[in-house]
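Take a look at the structure set out below.
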Protein chains: 2
Amino acid sequence: MKSQPITIKDIARILGISPSTVSRALKDHPDISPKTKQLVQTFAEKVNYRPNALALSLRSSKTNTIGIVIPEIVHHFFSSVISGIEDVAYGRGYNAIICQTNENYQREVIDLQALVDNRVDGILVSMSKNTHEFTHFENLRENGVPVVFFDRICEQISSDRVIADDFEGARIATKHLIGKGCKKIMHLAAPQHLLIGKNRKEGFTSALKEHKLVSDDRYIIKCDTREAVFAKADDIIRLAPEIDGIFAVNDSTAIAAMQVLQRNGYSIPKDIAVAGFGDGPNANIAYPPLTTVEQKGYDIGQAAMRLLIGHIEGTVEDEEFETKIFTPELVERTSSQLGHNVR
Amino acid sequence: MKSQPITIKDIARILGISPSTVSRALKDHPDISPKTKQLVQTFAEKVNYRPNALALSLRSSKTNTIGIVIPEIVHHFFSSVISGIEDVAYGRGYNAIICQTNENYQREVIDLQALVDNRVDGILVSMSKNTHEFTHFENLRENGVPVVFFDRICEQISSDRVIADDFEGARIATKHLIGKGCKKIMHLAAPQHLLIGKNRKEGFTSALKEHKLVSDDRYIIKCDTREAVFAKADDIIRLAPEIDGIFAVNDSTAIAAMQVLQRNGYSIPKDIAVAGFGDGPNANIAYPPLTTVEQKGYDIGQAAMRLLIGHIEGTVEDEEFETKIFTPELVERTSSQLGHNVR
DNA sequence: AACGACACCGCAAACGTTTGCGGTAATTTT
DNA sequence: AAAATTACCGCAAACGTTTGCGGTGTCGTT
């Protein structure tokens, strides 16, 4: 059954008319007589004619396809973003080509080139951690391809951007802990050369200052993975008697910290309240359920795609760039109810 | 800077030669003189010429693009599969267009049509739950598009298939519990009209029979989400004194069960050993870390893509289909060490 | 009877490539 | 010196569409 799909030429040949007439008949062009239209349309229907998107794209230089370049797909945040992009794209008639760089600069360069070669109408990109050269991004502009950066933006390239407000998210979470009565809060921080590490820590300290609480450097511990928590467990336990709250840079770190504390006789949230920063669906699984700020990956994806469409379809000035900031939302659960017992 | 990318025609015009010569010079055709080759190649290099993939595809009817149709992207298993597909695809020079059906039959139909319209070289699909009509799959065969089903396969369509062996996975997990000394094991089961529910339950009972253990229907409880566990908490607690093990149809159910038991004074795994079935990275987060069987999404994706390439590149007979079965692997952690204390 | 108006349709070029074939000039062979 | 070979290059068609323009035929109008 391996037959080539039927073309306008085929229809023209079979019906004994010209391809131009078929083409026009199919789109109700006034130059075509009602009979011919009827003939062509019913026949096309019968043989299930579908226009060749490649030919259309080549002629119109419009592919109705966009490219997504992303460090990792297996990551709750990024897959949420993709999902948001996909849904908007689908609604507007766009397809999405997805490229995963695996945090590899070389692959990022090659992926972008492939997308340009395929004449995508626009590109959404979240930079690899190992990208420190930006000419491949500049080339996009020279090729006239609209780009929107999200999450891992490129500060050296002026373009549309959609980001999560890590500073504000951390600030909100910390203020929440303070509101629950915490006076001495520990922060489990990510490396400060990473933007999220820096911004979330600054959001934390900002909230402390705002409430005139001392920010003790001893309370800031560098650990941002489950394993790191176990490695620094002694440090945490040593300080545990002094503190009444923990704000962790991500959920798995927060959860690990809760477990370390629980194994050492502390009760969460009775003795120590805990809040995390959303990196997935773990928060609900934890015991007790973890209060955390949720980064709205789906919304970010939707917003990025909408901005991109704005540029593609020319409803936005070319050199007029926008930065959309999404403030994470606090999801209050049990882990932060200082003083409360959990059954 | 919105300039169209340079074409072979442009080069020909600028250099005062014909497009054919440029084309041949670029691919070292013997008919072209060394000087002209040199001229063309260095010039093409200078202006950063890149062939238009659309034009190439149209002419060769080969797009080097494959389509992926998937129910949900935000799901650890599926995003792992995509990642596996992506990595193989990248290595073989293919791009991937991803379509998310959101378990919607209509969208599945439309997505498939769009992929065919774009002349993808092949399609990887995992069916929506709400698909009970299969003509859209049959149409693919008529259009000569190779298809490989993975995970949610379509039994009515003969094709390549890549699946996880749910029966065997459940059997392995149950046998593991039995090996740890469990005699009376509870099963938290998914609805039996779903394949995974049916297969995993049967794997469970098969292991019991093999070891001549009674399979008590009272021990099979229908609940497959965290919420369902809490809803049926009373039933579980009532039976808890009798049992010494639990095999849950997925990890979040297993974890919820552990928490319910712990809150009622039971110690895991001292009193009751627990095993789950892998649906994500939750198992490590749990307390105690959960013994579970891991479905190898990444491997499944790789295998599916390799099978598809086999058909696309014609190294496999057209009507010769293969079914690849991936047996999940037990990952032994603390939750199943019956009788042991956790610190 | 001649003219304009209108309805309907096809030619050909274009999008960017590749490639069979033919053509010209230079070189080698007799 | 004529013929045969070789080296090199361009024409044109093709992939499947769309679209400006021109062409034919049938009217109706003076």
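Bear in mind that the values in this text are calculations on the coordinates, not laboratory data. The shown structure was predicted, so the numbers you read here are calculated from the model rather than taken from an experiment. Quick reminder, even Gly has a Cβ in these numbers, built from the backbone with ideal geometry, and neighbours come from all protein chains shown.
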- Note on the structure: Along the dipole axis of segment B:189-343 (charges at Cβ: +1 for Lys and Arg, -1 for Asp and Glu; origin at the Cα centre), the most positive-end residue among B:Asn284, B:Ser267, B:Ala257 is B:Ser267
- Query: What gaps in nm, shortest first, separate B:Pro51 from its twins in the other copies when you place the label 7 Å past Cα toward the beta carbon?
  - Reply: 2.7
- Query: Taking springs between alpha-carbon atoms closer than 10 angstrom, which of B:Ile196, B:Ile11, B:Ile309 fluctuates most in the Gaussian network model of chain B?
  - Reply: B:Ile11
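Taking neighbour Cβ counts within 10 Å as the exposure measure, how do B:Arg92, A:Arg238, B:Arg200 sort from fewest upward?
Details: B:Arg92 14, A:Arg238 10, B:Arg200 28.
Sorted ascending by nearby Cβ count, the order is A:Arg238, B:Arg92, B:Arg200.
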- Task: For each pair in B:Lys184/B:Lys209; A:Lys184/A:Lys296; A:Lys180/A:Lys296, compute the distance between the two Cα atoms and list the pairs where it is over 20 Å.
- Result: A:Lys184/A:Lys296; A:Lys180/A:Lys296
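May I ask for the Rg/Rh ratio of segment A:160-304, computed from Cα atoms with Rh as the Kirkwood radius, given to two decimals? Please list the in-between numbers first.
Details: Rg = 14.5 Å, Rh = 15.1 Å.
We get a ratio of 0.96 for segment A:160-304.
Please work out the ratio of the alpha-carbon Rg of chain B to 2.2 N^0.38 Å and round it to two decimals.
On the way: Rg = 27.1 Å, N = 343, 2.2 N^0.38 = 20.2 Å.
Rounded to two decimals, the normalised Rg is 1.34.
Restricting attention to segment A:10-52, which trypsin sites (Lys or Arg not before Pro) occupy a DSSP loop and are surrounded by at most 15 other Cβ atoms within 10 Å? Show your work: numbers first, answer last.
Details: sites: A:Arg13, A:Arg24, A:Lys27, A:Lys35, A:Lys37, A:Lys46; in loops: A:Lys27.
Listed in order of number, the matching sites are A:Lys27.
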- Task: Mind pulling the angle between the C-alpha long axis of helix A:195-210 and the longest principal axis of chain A? Nearest 10 degrees, somewhere in 0 to 90.
- Result: 50 degrees
- In Hz, Karplus ³J(HN,Hα) per residue of segment B:322-328 (6.51, -1.76, 1.60; θ = phi - 60°; x = Gly, Pro): 10, 10, 9, 10, 9, 7, x
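Can you say what percent of the DSSP beta bridges in the protein assembly as shown, counting only those with both residues inside, are antiparallel? Round to 5.
Values: 7 of 73 bridges.
The antiparallel fraction comes to roughly 10 percent.
Magnitude of the Cβ-charge dipole of the protein assembly as shown, K/R +1 and D/E -1, about the Cα centre, nearest 20 debye? Please list the in-between numbers first.
Working: 80 positive and 88 negative charges, 15 e Å.
My answer is approximately 80 debye.
Size of the dipole of chain B about the Cα centre, Lys and Arg at +1 and Asp and Glu at -1 on the beta carbon, nothing else charged, in debye to 20?
Numbers: 40 positive and 44 negative charges, 207 e Å.
It comes to approximately 1000 debye.
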- Kindly give the distances from B:Pro30 to its copy-mates, label point to label point, with each label point 7 Å from Cα along Cα→Cβ, as nm values to one decimal ordered shortest first. 6.0
- Scan segment A:201-237 for trypsin sites (Lys or Arg not before Pro) in coil per DSSP, keeping those whose Cβ has at most 11 other Cβ atoms within 10 Å, and list them by number. A:Lys212
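With the cut-off at 1.5 for a/c, could you classify segment A:117-180 from its C-alpha gyration tensor as rounded, prolate or oblate? Write out the running numbers ahead of the final one.
On the way: a/c = 3.89, a/b = 2.84, b/c = 1.37.
Prolate, because a/c is 1.5 or more and a/b exceeds b/c.
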- Could you pull out every residue, at least 5 positions away or on a different chain, whose amide H is within less than 5 Å of the one on A:Ile220? Hs are placed 1.01 Å off N in the peptide plane, and Pro or chain starts have none. A:His187
- Give me the log10 of I(q) over I(0) for the protein assembly as shown at q = 0.11 Å⁻¹, as the Debye formula computes it from C-alpha points; what are the numbers? -1.20
- Query: Taking every DSSP beta bridge that has both residues in chain A, what percent is antiparallel when rounded to the nearest 5?
  - Reply: 10 percent
- Final fewest-first order of A:His193, A:His187, B:His136, B:His340 on the 10 Å Cβ neighbour count is A:His193, B:His340, B:His136, A:His187
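Over the Cα atoms of segment A:46-197, compute the convex hull volume and normalise it per residue, giving Å³. Mind showing how you got there, number by number?
On the way: hull volume 24.0 nm³, N = 152.
Given the Cα convex hull of segment A:46-197, per-residue volume reads 158 Å³.
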- Query: Can you give the calculated 222 nm mean residue ellipticity of chain B, where each DSSP H run of n ≥ 4 adds -39,500 (n - 2.57) and the sum is split over every residue, rounded to the nearest 500 deg cm²/dmol?
  - Reply: -13000 deg cm²/dmol
- Message: Can you work out the Karplus-derived ³J(HN,Hα) for every residue in segment B:74-79? Use 6.51 cos²θ - 1.76 cosθ + 1.60 with θ = phi - 60°, whole Hz, and x for glycine or proline.
- Response: 7, 6, 4, 4, 5, 5
- Work from the charge dipole of segment B:1-142 (Cβ charges, +1 for Lys and Arg, -1 for Asp and Glu, about the Cα centre) and give the residue of B:Ser23, B:His132, B:Ala96 farthest towards its positive end. B:Ser23
- Descending principal axes extents, segment A:8-51, alpha-carbon based, whole Å: 23, 17, 17
- Query: Against the longest principal axis of chain B, how steep is helix B:297-312, in degrees 0 to 90 to the nearest 10, with axes from Cα atoms?
  - Reply: 40 degrees
- Task: Mind listing the label-point distances from B:Thr327 to the same position on all other copies, shortest first, one decimal in nm, points 7 Å along Cα→Cβ?
- Result: 5.5
- Task: Please report how far the C-alpha centroid of segment B:266-320 lies from that of segment A:179-229, rounded to the nearest whole angstrom.
- Result: 36 Å
- Message: I'd like the Karplus ³J(HN,Hα) series for segment B:17-25: coefficients 6.51, -1.76, 1.60, θ = phi - 60°, whole numbers in Hz, and an x wherever there's a Gly or Pro.
- Response: 10, 8, x, 4, 5, 4, 4, 5, 4
- Query: Using +1 on the beta carbon of Lys and Arg, -1 on that of Asp and Glu, and nothing else charged, what's the dipole of segment B:8-51 about the Cα centre, debye to 20?
  - Reply: 60 debye
